[in-house]
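*Asks:* Attaching a single structure in structure tokens format; questions to follow.
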Amino acid sequence: MKHRKTLEESRTELLRFHGAAERDPAIEAWMRTHAGELGSLARYWFAVMRHCGDEVRELLHDGCPVACLGDAPFGYVNVFTSHVNVGFFHGAVLPDPNRLLVGTGRFMRHVKLRPGKQMDEGALRRLVEAAYAHVKARVENG
């Protein structure tokens with residue numbers, strides 16, 4: 001997928017998180033504290049992020065698991081009382097024809113998942129892949 005930077009992106013530095021590891025034990029501990037359906041959703045979608053490429057690294061940031069390409073974050077999961085967020089650090093520029101993304105920030109967007117509520121898994125998987133590809137293009141092209 002070829003990506004053109006938006007004017008906003010070309011003026012901003014790529015966010016970097018130092019300390020990302022191939023597998024962060026803090027994330028496994030976080031996952032163990034989130035049981036039930038919500039925890040299962042978070043584990044599943046974080047695994048999807050982990051499998052985007054060999055360069056995926058991870059860390060716990062602001063209390064939630066974050067997936068990075070090297071040290072550049074592209075996605076995260078977080079568990080709340082009644083839903084799970086699958087979030088994207090550059091979600092505002094991702095193609096979202098199914099209109100799954102919510103949020104109004106300059107960069108970040110997320111998808112809310114609720115147990116028992118139907119969701120287009122293929123569309124969310126494509127968002128995860130697009131988020132990874134977007135950060136990969138930014139890392140490789142400066």
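The values are calculated or read from the model by the stated rules, or taken from the named source; none is laboratory data. The structure displayed is predicted, hence computed values, not measured ones. Positions of Cβ are backbone-derived with ideal geometry, glycine not excepted, and every protein chain shown enters the neighbour counts.
*Asks:* Name every residue in segment 70-87 that is among the hydrophobic types (A, V, I, L, M, F, W, C) and surrounded by fewer than 19 Cβ atoms within 10 Å (Cβ to Cβ), in order of residue number.
*Replies:* F80
*Asks:* Specify which of the listed residues (H90, H110) is touching a helix residue (DSSP H, G or I) at 6+ places or on another chain (Cβ under 6 Å) and crowded, with 16+ Cβ neighbours inside 10 Å.
*Replies:* H90
*Asks:* Would you be able to tell me the number of residues in segment 68-113 that are under 23 Å from T33 (Cα atoms), hydroxyl-bearing (S, T, Y) and not in a strand (DSSP E or B)?
*Replies:* Residues meeting the conditions: 2.
*Asks:* Picking from E58, E37, which residue would you name as being under 12 Å from the mean Cα position of the chain (by Cα), of a type in the set (D, E) and surrounded by 11 or more Cβ atoms within 10 Å (Cβ to Cβ)?
*Replies:* Criteria check complete, one pass: E58.
*Asks:* Right, another one. Within segment 68-91, which residues are within 11 Å of the chain's Cα centre (by Cα) and modelled with pLDDT under 95?
*Replies:* none
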